[in-house]
1. Of the numbered conditions (1) free of Cβ contacts under 8 Å to residues at least 24 places away in the same chain; (2) hydrophobic (A, V, I, L, M, F, W, C); (3) crowded, with 16+ Cβ neighbours inside 10 Å, I119 satisfies every one except a single condition; which is it?
2. Scan (1) outside any helix (DSSP H, G or I); (2) surrounded by 15 or more Cβ atoms within 10 Å (Cβ to Cβ) for the single condition H107 breaks and write down its number.
3. Confirm whether G97 is loosely packed, with under 13 Cβ neighbours inside 10 Å, of a type outside the set (A, V, I, L, M, F, W, C) and out of contact with any helix residue (DSSP H, G or I) (no Cβ under 8 Å at 6 or more places or on another chain).
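Quick note: the coordinates plus some simple rules give every number you see, no bench work behind them. All values derive from a computational prediction rather than experimental measurement. Because the Cβ atoms are built from the backbone with ideal geometry, glycine has one as well, and the counts that use them run over all protein chains shown.
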Amino acid sequence: MPPPYLASGAVRLLLFKRSLTALLLCAAAACISPAFGQESQPPVSNGAQILQSFERANPATPPPDATDRTRRWVMFGLGAPLLILLLITGSLGIAMGVYGKPVYLAHMVCAGLSVTLAIVHAIVGLVWFRPF
């Protein structure tokens, strides 16, 4: 037989409410109170230093390298057909699975081409653009 103070559901509910209230008050006090070690006044900034930083000339950006531009076009040339093949493979898979069309061979051919092109695209990207 449990002790009488545990048997009463009203007492447990009252203890739960009090502990929940205490927890919420502690959380509210932690949110409102300032952090320890925080300065009460903002740091002083010199307006002249800020203006000088804007007046300094930015270094000119170097012109893009011709080989880099060619590499990006090759990656685009690999990526565009890859995206088209992925869309075709997905639509053939949906046509086969949902509508019962007999397009299994075309679906598998497009899937194989998609995987091959994806692997080539990944390898070329890693080899050319790995060092950044």
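1. (3) is the only condition that I119 fails.
2. H107 satisfies all of (1) outside any helix (DSSP H, G or I); (2) surrounded by 15 or more Cβ atoms within 10 Å (Cβ to Cβ) except (1).
3. The answer is yes for G97.
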